[in-house]
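Q: I have a structure I would like to understand better, so I am pasting it below and will then ask my questions one at a time.
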Amino acid sequence: MDDATGAPDLDFSTFMAEAEPRVRRALVGLAGPEAASDATAEAFEYAWEHWSRVGPMANPAGYVYRVARSRVGRRRRRWAPGDLPGIDRLPDVEPALAGLLAALPERQRVCAFLVHG
C-alpha cells in the first residue's frame, strides 16, 4: 500500500535489515563499536515503537541515525584506539591506523568512517 505521497510503505523488518548496518558503522567513528551498537539498538527500538510516524518519513534511516547519535552523546567518552580491537592484526591495515583515527577531530573521524568504513 502507498502512503499519501505515493511512496510505497516500508516494512520495518526490511528497513532495519538495510539500514541498521549503515547506521551502526557510521557511529563507530564517533563512539567506538560497543557504544555504536548500543546506541543503534536503542534508536531502532525507538523507531519500532514510533514506526507509524518514522516509516513514512522521506529519510527514515537519517532520522534513526540522528536518534542514535543523540543516544551516543548522552554517554560521551573519548574514542580511543583500543575501541577497535584487533585492527592492528589485520593484514591490509596499517598498524598505526587506530591511533591516527583517534587523533582526528571528531567530525573528520566520522567522515572517514562514513566514506571508508
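Q: Return the FRET efficiency for the residue pair Thr14, Ser70: r is the Cβ-Cβ distance, R0 is 25 Å, and the value is rounded to the nearest 0.05.
A: Values: r = 25 Å, r/R0 = 0.98.
In this case the efficiency is close to 0.55.
Q: Between Asn59 and Ala112, what is the FRET efficiency for a Förster distance of 22 Å, r being their Cβ-Cβ separation, to the nearest 0.05?
A: Given R0 = 22 Å and the Cβ-Cβ separation, E is 0.50.
Q: Order these peptides, 10-17, 63-70, by their mean beta-carbon neighbour count within 10 angstrom, highest first.
A: 63-70, 10-17
Q: Can I ask one more? Along the Cα→Cβ direction, 7 angstrom out, place labels at Leu100 and Glu45. What is the inter-label distance in nm?
A: Each label point lies 7 Å from its Cα, and together they span 3.8 nm.
Read-outs: derived from the displayed coordinates by stated rules, not from any lab. Fair warning: this is a prediction, and the values are worked out from it, not measured in the lab. Because the Cβ atoms are built from the backbone with ideal geometry, glycine has one as well, and the counts that use them run over all protein chains shown.
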